[in-house]
Structures are given as structure tokens and as C-alpha cells.
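Student: Below is the structure I would like to discuss, written out as C-alpha cells.
The values are calculated or read from the model by the stated rules, or taken from the named source; none is laboratory data. Since the structure is predicted, the reported quantities are computational estimates derived from the model, not experimental observations. All Cβ positions, even for glycine, are placed from backbone atoms using ideal geometry, and neighbour counts span all protein chains on display. With ligands, DNA and RNA removed, areas are computed over all heavy atoms of the protein, side chains included. Shrake-Rupley method; radii C 1.70, N 1.55, O 1.52, S 1.80 Å.
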Amino acid sequence: MKKQARFVLLIPLLGALASAQSKSNSKPQTPSAVNPEQRITGFTAANSAKQIEIETKFKAVPSPEQAQKWHRRLTAEPHPSGSERNNLLAREIADTWKMQGMEDVVIHEYDVLQSTPREVSLEMISPKSYRAQLREEAYAVDPDTKNPRVKSAYTSMSASGEVTAPIVYAFSGNPEDYELLRKNGIDVRGKVVLVRYSNPYSYRGFKALTAQRLGAAAIIIYSDPQEDGYQRGKVFPDGPWGPESHIQRGAITYDFIVPGDPLTPGWASVPGAKQIPIAEAESMPKIMAMPLSWHDAKPLLENMGGPIAPKKWQGGLPIKYRMGGNATVHVKIDMDNSVKPNYVVEARVRGAELPDEWVVLGNHRDAWEFGGVDPSSGTASMLEVTRALGELGKQGIRPRRTIVVCSWDGEEVGLTGSTEWGEQFGDELKKKMVAYVNVDSSTSGPDFEVTAVASLSPMLVELSKSLNDPSGKTLYEAWKATALGKRREKSKQAAISDADLVDTQIGSGSDHTVFLNHLGRPTVGLTFDGPYGVYHSMYDDHFWVSHFGDPGFKYHTLMAQYWGVLGLRLANADVLPFDFESYARSLRKFVMEVEAKKGAAAHVEFKPLLAAVDRFEVEGRQLNVAADRALKASDVVPGKLQNANAGIMQVESNWLNPDGIPGRPWFKHALYAARYTYAHLELPGLTEAVEKADWTTARQQARILQDAVEKNNLLLRQVRAELQKQK
Ligand SMILES: [Zn+2]
């Protein structure tokens, strides 16, 4: 590829950043001591000791200085999906991985629908004229905010058009909000609706679909200071919260129906792939949409008149919020929605013994502007993971299974890069992928947060005990303290157990989606969270991260250590550390939550399903015992454990329902999908049928679940028999 030439030129840029001195000089991680009796879950005693050695060497490499350097380079320029800058970073990452000693470095191209603004304008016509500025203020202390390549306000995948119409305020833009407007005699058909980004998070795509369904002409989504501005605390550049002119960009793709490129729903958009007409694309919005800062929303809210909005709809601005009907606005949006290349960079460390078993680590590269937190904090941590893997390689240390790393593109637009890659290699991934570990934003603060399938919860907690948090505690202690603190905010008496630390209710909204919901592979999501009010704005940059998100880049480093060691434990385990007793407990909670819903117990027989889950718990427990015994056996030969591991890898696939969930066939996982708001949705087929009081479908879905659990009960018995051969 012609770019190669420039390719060579670029080596010095990102790659050169990896200077020799960058050994981790933050407080060294104490070697994770495990007494000889105590083993790492999934390892024999001998291999636990070896693993500890490897982990100690690995953890010594990631450094705050180096993480900061990667971050500075990655966030130097706006790099949205489809931009030349983002493509340059793809080549630089590929280049750096080669320099670090990663193998099979390849850049995959996908031709996908991209959406960029040609013109976006908003002006109030009456009762007063006001032209929205649609740009974010620059601040002298942060030179990046003066970068001329920062775009003004736009919403990706918005329809194009022009309208002059009354504007109404619809609070968060959920169906019930429009119902309240209707009760106040306000019909939004043909009008412009102004809604606000919401807390708790609700995907803007669902706001757009709801307005579209109700016949609104356009939707404007603004950031109210109650959610992410001065009502939360100090604003940028003095604090982490969003300043007056900050704009939350984002896409409104209906990827909760089918993720990925809208023109190739369910198949990979490799060059030359069949594409459907844009008008037929289910995930393509048909409504004009744009974001707004509260700086520009305030004049509209002040002048829209109409009935006073209810208390809950009152926001943080010093005005009386009203429902509207008195102001008229002119909206003009011209979008270039056209097919452009996206690039997914892939590299690996081939497994020494089990090259066809893959542990995949991924992070998206594309940002709306500088991507300080989202996603380049994750990319910086990932480059420290690969640097450390490279260092191990130089010491002749190679994992047993293959570790694959991926830099995704197009995540912000529609989870595109990961979805296309997942669809392209789906059959292989179903057989070979042990687990997928996603880090979108690695750090916006100190609070460790983990989402995962429940079978991985115990090993994730175990791992956190072997790492030190910058606070001086172990990561485990810091994690538990934070989680307890958050629970106590809700109820003073709250307690927390290790089983509660990992959140097993997994929504969508990031690159794990295709692997869990479509391919049925176990997934983990990792992040360090904190006060963060500049999401998807130009203020999400290096200055913000260096001053508020992670001063000193210690959590970037800790993320690289946790993420890397997790990959190494999954890659080197003798028996894959999945705990199905833990999975059964989560599953029981999911079933009981549905059973408690209105009319459910009266119309659906839950006993057989719960009985199957009880047996799953017993089988899971007995399997843990068998694995423990097998790993203690003096003559255990890891190679002989492969049949058992193959069975363990099959469990997650058995949750797949080939027909998919009713109405959304792309979502094949019977336990996990996501609501249109991206919120978590467990037992999706059953839950949605119960919520619709569609009892026939609900009973069918309950049966599908019961069959899947019983299939896994049989499988766990077979795996246990395999392990018992070790005695
Ligand atoms: Zn992201």
C-alpha cells in the first residue's frame, strides 16, 4: 500500500516514544506472593509459582512516564473515525506493535457508512432572534482548545434537512416525557424537540428514535449543568465538570437494533461486500439531530413559554423551565453520509502450546475530538500492555495460548470496527476465543469498575488482590471500599461481598457487544471511573486527563498491569478459571427479577427453569471441586486438560439462540442483550415478552432458557468427568 512509504517515515513518531529508560518507577507492585499451598485459580502449584514470576516481570514494565507519552501523542489532534488523523494513528499503532515485538501485525479495512457535517445551523426566529454559536470556547491554559481542526456541533448519522417550526422542551426525551406533553395538549408532530442528556446515562440514539416515531421534525440534545456542569462541581479548566460551551458530540445510529455498519447488517463490510440501500437500513435514523451546549440552549429555554414544566424537569439553569409552544426556530442540517474506509489494527503473541486458543484484548482508537479519556486513555494503557508483552518476549517468555490485541475504529459511530471484525471472523472466534477483555476509557478517575459474565467474577476479584492501588491499598481493598461507599450512598446499612464487586448486568455501548451478544463469547469490561463532565467534548483532552482524570498517569499504568495480567492468566491457566457456580447465582437473580414482574408468575411457569438453574449451581460447584483436585494431583499434565478446557469454552456458546431475540435477530445471546437506551437487559427474549404481556412468547422464551441451562448442566458433567480422569 502506497501509504507504506509514509509509513516508514512515521516509525520515529509514536514508536520512538518508547525510550529505554521507561521502566516502571512508580512504587513497584509487590510480587504477588502466593504461598505454595495457595494456588492461582486454574493453575497447579508449580505453575502458579511460574505465573507469579511472569506477572512480576510483566508488572515491572508499564510506567506512568511512558503512558503519559503515548497519551500526549495519541491526543495531539482530533481523530474521529474516517479522518486522516485516525488512519495515521492506525498506521502508527501497527508500526509500534512491530517495534515492540508483537507478531502478525495487520490492518483490516472495512468500507462503512460515515457521517460528517457539511453544514449545521440553528437560530431562534421568534420571540427573539438568536443564532446558536455551536462552538466551544478556547482557554489559554489549554492550547489544545485553540486547535482549528476541532469541529463545531454535529450529531453523527443525523438526517439532512431544513425546518422552521415551534420548539418544545421534552425533558429527557423518553416516551413518558412525550406522554406528559400530550397530556398538556402539546403534540410534537412537525415540531423541533429540545431534550437533555440524562443522568443516569441513556443512549442519545433512543432519544432520536423516540422523537422520530412521534413525528418530530428535528431533535436537539443539550447538556444541562445539572447533569455534567457547574451543579456537579468545578468546571473546566478549573475542575472536571463541563463548562458553559461544552458540547457532547456523538452518533445516534440505532445500533441497539443491529450494531455495526448500517449498510451491511449482520455481515462484514469488507471491501466489495454487498451493501443495502441506506433507505432500507434499520439502524439509520430518519430524523435531523444536533447537540447543543447550555450556553446555546439557555436562550431557547428562556423564551419558549408554555406551561411550566414539572419539578423533575427543572434543571440547573437559573430559569423557570417551560414546555414550550411560544418560540420558533430554524434548523438546517446538511450531512455527508457516505462510505469511507475504517481500519482495525490487529497483532498477536502466538501461543507456545495452544496457538488456536485466543485471549483477545481490545480498545477503540477513534474519538470525537482529542479523546483524552474516551478512548485514548485506553489506547495509552494498551500500548503499555503490548510494550510489556514485547519485553517478556525478549526474555523468551511466551504465553501458552495466543494473546490477540485489537485497535478498533468506528466505535463511536456504531460499534463498527469491532462488529465488522467479529462478523468477518465469527466462525473462527466462536471456536477459538477464550474471552474478550475490553477497555474503552481506561481512566477518568480512581474508582475501579468491572463488568463481566459472572463465570469470570471470582478470578477477576482474585487478581485484584495481587496489585497495589496508588492509594497504597491493594487494588482489591480500594475497589471494595469504593463499591461499599457507592452502596452506602443509597442505603447506610449496605454491606458488600466479593461476589458483588463485578457487575454482571452488562449493557451495550462499547466493543464487547459483538463478542457477547452475537458470538456468545465471555467478555470483561474494565475502567477506572471518576467525576467526568466533558464526555465527547473538545475538553476531553490531555490537559483534562493530566489535571483531573489521572494526574501522574498512575491509573493508566495500573490498568495496563491489571489488563495484561488478566490476559496472561487466561492465556496460561491449566484449567480455564471459569466459575459456573458463580454464573448460576447470577442467573438465578436474573430469573427471579423477571418472575417478580407484573403478571409474570401468573402466566409463566418459572419452577422448571429455576430447578435447572439449581442443578447448574450444583454442577458448577462440583466442577470447581474437580478442577481443584485435578490441579492438586501430583502427576497433572496440563496438556491432558484440553478436553476439559474445550468444554469450559463451550458453555458461553450454549447460551446462543440461533433465531436471536424476538424482533432483534442479531442479538443471539439468550442471557444478555441491551435495551434501546444501552442499559443492561438480562434474559432479553423473556423479559421483553413479559414487559409486553406477550405470554405466548414469554413461555417459549422460558423454555429456550431452560433448554440452554440443561444443555450446560450436561456439559459441565462431561467436563467434570474429564477432570476426574486426572486422579
Ligand atoms: Zn469510547
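Student: Please go through region 401-434 and give me each residue that is in a loop (DSSP other than H, G, I, E, B) and within 16 Å of the ligand (Cβ to nearest atom), ordered by number.
Tutor: Matches in region 401-434: Asp409, Gly410, Leu415.
Student: Taking Arg398 as the residue in question, decide whether it is away from the ligand (no atom under 16 Å from the Cβ) and in a helix (DSSP H, G or I).
Tutor: Spelling it out, it is not the case that Arg398 is away from the ligand (no atom under 16 Å from the Cβ) and in a helix (DSSP H, G or I).
Student: Then there's this: With respect to Val331, is the statement that it is surrounded by 22 or more Cβ atoms within 10 Å (Cβ to Cβ), more than 16 Å from the ligand (Cβ to nearest atom) and either free of Cβ contacts under 8 Å to residues at least 60 places away in the same chain or farther than 28 Å from Met284 by Cβ (or both) true?
Tutor: no
Student: Determine if region 528-547 includes at least one residue that is touching a residue at least 12 places away in the same chain (Cβ under 8 Å), within 16 Å of the ligand (Cβ to nearest atom), within 25 Å of Arg588 (Cβ to Cβ) and buried (at least 23 other Cβ atoms within 10 Å of the Cβ).
Tutor: No, every residue in region 528-547 fails to be touching a residue at least 12 places away in the same chain (Cβ under 8 Å), within 16 Å of the ligand (Cβ to nearest atom), within 25 Å of Arg588 (Cβ to Cβ) and buried (at least 23 other Cβ atoms within 10 Å of the Cβ).
Student: Counting only residues that are within 20 Å of Gly525 (Cα to Cα) and either open to solvent by 10 Å² or more (accessible area, probe 1.4 Å) or away from the ligand (no atom under 11 Å from the Cβ) (or both), how many does region 358-368 have?
Tutor: Result for region 358-368: 5.
Student: Follow-up. Any residue that is open to solvent by 20 Å² or more (accessible area, probe 1.4 Å), among the acidic types (Asp, Glu) and away from the ligand (no atom under 16 Å from the Cβ) - is there at least one of those in region 482-489?
Tutor: Looking through region 482-489, at least one residue is open to solvent by 20 Å² or more (accessible area, probe 1.4 Å), among the acidic types (Asp, Glu) and away from the ligand (no atom under 16 Å from the Cβ).
Student: Would it be correct to say that Gln68 is within 23 Å of the chain's Cα centre (by Cα), of a type in the set (S, T, N, Q) and open to solvent by 30 Å² or more (accessible area, probe 1.4 Å)?
Tutor: In short, yes.
Student: Moving on. Any idea which residue in region 452-488 is nearest to Ile40 (Cα to Cα), counting only those that are in contact (Cβ under 8 Å) with a residue 40 or more places away in the chain and among the polar types (S, T, N, Q)?
Tutor: Result: Ser466.
Student: Which of the residues spanning region 31-54 are at pLDDT 65 or above and part of a loop (DSSP other than H, G, I, E, B)?
Tutor: Gln38, Arg39, Ile40, Thr41, Gly42, Phe43, Thr44 - these are the residues of region 31-54 that are at pLDDT 65 or above and part of a loop (DSSP other than H, G, I, E, B).
Student: Please tell me if Gly325 is under 27 Å from the mean Cα position of the chain (by Cα) and either open to solvent by 10 Å² or more (accessible area, probe 1.4 Å) or within 16 Å of the ligand (Cβ to nearest atom) (or both).
Tutor: no
Student: From the list Lys320, Lys311, pick out the single residue that is more than 16 Å from the ligand (Cβ to nearest atom), surrounded by fewer than 16 Cβ atoms within 10 Å (Cβ to Cβ) and free of Cβ contacts under 8 Å to residues at least 12 places away in the same chain.
Tutor: So the residue among Lys320, Lys311 that is more than 16 Å from the ligand (Cβ to nearest atom), surrounded by fewer than 16 Cβ atoms within 10 Å (Cβ to Cβ) and free of Cβ contacts under 8 Å to residues at least 12 places away in the same chain is Lys311.
Student: Looking at Ser466, Ser457, Ser441 in this structure, which one is part of a loop (DSSP other than H, G, I, E, B), among the polar types (S, T, N, Q) and not assigned by TED's automatic domain parsing to the domain that holds Glu55?
Tutor: None of the others qualify; the one that does is Ser466.
Student: Name the one entry in Leu570, Leu516 that is of a type in the set (A, V, I, L, M, F, W, C), over 30 Å from Val637 (Cα atoms) and touching a helix residue (DSSP H, G or I) at 6+ places or on another chain (Cβ under 9 Å).
Tutor: Just a single option satisfies the conditions, and that option is Leu516.
Student: Being open to solvent by less than 10 Å² (accessible area, probe 1.4 Å) and either within 16 Å of the ligand (Cβ to nearest atom) or over 16 Å from Thr56 (Cβ atoms) (or both) is the filter here; which residues of region 386-395 pass it?
Tutor: Thr386, Gly390, listed by residue number.
Student: Here is a further query. Only one of these conditions is not met by Asn147: (1) within 23 Å of the chain's Cα centre (by Cα); (2) surrounded by fewer than 23 Cβ atoms within 10 Å (Cβ to Cβ); (3) assigned by TED's automatic domain parsing to the domain that holds Pro237. Which number is it?
Tutor: Only one criterion in (1) within 23 Å of the chain's Cα centre (by Cα); (2) surrounded by fewer than 23 Cβ atoms within 10 Å (Cβ to Cβ); (3) assigned by TED's automatic domain parsing to the domain that holds Pro237 is unmet by Asn147, namely (1).
Student: Could you check, for region 370-381, whether at least one of its residues is away from the ligand (no atom under 15 Å from the Cβ), assigned by TED's automatic domain parsing to the domain that holds Glu84 and not basic (Lys, Arg)?
Tutor: No, the conditions are met nowhere in region 370-381.
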